[in-house]
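Inspection log for the structure reproduced underneath, given as structure tokens.
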Amino acid sequence: MNGRGLGSSLAVPPRLVTRGSSLQPRLDGLEAAVAASRGRLDDDLLDSVEASVARSTGRLRLSSEHTVVAIAGSTGSGKSTLFNALAGAKLSASGAQRPTTSKAKALVWSDDDLGEMLEWLGVPSSEQHTRATLTSGQSRTRLPEGLVLLDLPDHDSIEVAHHEEAQRIIELADLLIWVVDPQKYADAAIHERFLQPLAGHRAVTMVVLNHIDKVPEERRAGMVRDLRKLLVADGIRDPRIIATSARHGTGLKELRTALRRRVEEKQNSALRVEADIRAAAARLEQAAGDAPVAVPDVWVSDLERQVAAAAGVTGLVASLRRATRAEALGRTTLAGFRGAEPAAAPPRRVGPVDRPAVDTAVRNLVDNVCRDLTPAWKDPIRAVASVGQKSADDRLDSELAAVRFQDRLPGWLPLVGVLRLVVTLAAVAALLLATTSFVRGAATTVPLIVLGALALAWTAVGRGSAIVADRVAERHARAAEDACHRVIARVVRGQMVAAVASELAPYARFHRGIAAAKR
């Protein structure tokens, strides 16, 4: 190995570097979600997610033909001894003097130059080993091709730098072997700080119960069951547990077989990145809450109806319908033909709006939008809706007052009155003719038939006048209602809802980013 070691910045053969990945769009979605939530969600959370994206992006551009497996555990768990046992050589110091591991150690089981990968992992050149550096008497067939095996510092080390180093590489590794021992396997600190955060990483996590030789044989199965229950409680479904004794070789064959199977699948880096993406997306979703990405049309329509009621549109339209009908009926009489004034003039304007009722309707809309959001997103939406409410109410009053209702009735309505008069006069004439014929003794049925026909015509004209008046009144009322609703829709959608939508826009971008990350 040259002087710069495996961690040098030597050029990496192109076949060892993956420049593109189907996971990249999901990482892009996560980045978009972070950008959209800046200023709303906690900066520490967003920085953590951004760091996760950077780690994943860095891993994806490196070789997918190699699997980084990190052995992590607490002081005295025997992880360094396990590392040596898997390597078939004493590469990592172990013993009673703890902590013995201050920097990660790497064993690369490959002839490829993985300098860029080990530099990304931060493994010092002095702690890098390859199968070529092992003595000739050591087997080269025990480990699978493409394995990069790491021995980490103790995660519970009293040296802050040691457990920070362990945590850093835990976040980078493709596959984790978490080593616990019979004395500490139930330690709450281990489960709360390390195992519970791995709940979504079951596919890339293995748990090894080491020093099993120190447990009486009849108690071993029960201890494994107990550990399994704890891991399930941590959120790790169907955890994979292997009981080992690194010193005596117990369980090592099973562990090597599991390692070989996982490394030969060559999916671990993608599985780890996928698990990290899911975990980060879940954290962001939990911090943000849930809401529609836009105000649903049905909610907007309901708000428009409530504003119309607060403006008295329904009552005004009903009054206008009654007054217009009465005026139209009046025009179908002879008095209407002479231009007589109607008994009651129709209403000419709507408003002012009942502002408390409008404010309540808007608050209800905002409450529906924000119901499942956390305060970080909810408060700005409520604030912008509240700030613009007075100006929206003023605009409603102003624009509704400016609405002019149709007040011109059809000019032909008096002709209906003339027709009614003609029919009435004809009926009177027919009645006189029938009476005269009867008095003279020359009674005939013709005048009576004519009289009956004219009576029917008079009734039909009267009913027709009412139908005409109803239709004219309905047309005027509908025109007035439509004019009011156009104003209300313009103000509600263009000002009230638009203000809420403007604050929902960042959430919509956040939601699209999360959706892309979860695909």
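The values are calculated or read from the model by the stated rules, or taken from the named source; none is laboratory data. Computed from a prediction, not measured in an experiment: that's the story for all the values here. Cβ: placed from backbone, ideal geometry, glycine included. Neighbour counts: every protein chain shown.
One line per residue, one yes/no per condition, for (1) assigned to a loop (DSSP other than H, G, I, E, B); (2) modelled with pLDDT of 85 or more:
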| position | (1), (2) |
| --- | --- |
| 376 | no, no |
| 391 | no, no |
| 395 | no, yes |
| 405 | yes, no |
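Restricting 186, 173 to those that are crowded, with 21+ Cβ neighbours inside 10 Å and among the small types (Gly, Ala, Ser) reduces the list to 173.
Do you know which residues across the stretch 268-291 are surrounded by fewer than 16 Cβ atoms within 10 Å (Cβ to Cβ) and not in a helix (DSSP H, G or I)? Residue satisfying the conditions is 290 alone.
The set of residues from the stretch 348-369 being of a type outside the set (D, E, K, R) and surrounded by fewer than 17 Cβ atoms within 10 Å (Cβ to Cβ) comprises 352, 356, 357, 360, 364, 368.
A single entry from 301, 269 fulfils the requirement of being modelled with pLDDT under 90 and under 36 Å from the mean Cα position of the chain (by Cα): 269. Can you say whether residue 468 is modelled with pLDDT of 70 or more, surrounded by 16 or more Cβ atoms within 10 Å (Cβ to Cβ) and in a helix (DSSP H, G or I), as far as the supplied structure shows? Yes.
Under the condition of being in contact with a His (Cβ under 9 Å, 6 or more places away or on another chain) and aliphatic (A, V, I, L, M), the residues counted in the stretch 183-198 number 1.
Candidates in the stretch 471-510 are the residues that are more than 28 Å from residue 375 (Cβ to Cβ) and acidic (Asp, Glu); of these, the one that is surrounded by the most Cβ atoms within 10 Å (Cβ to Cβ) is 481.
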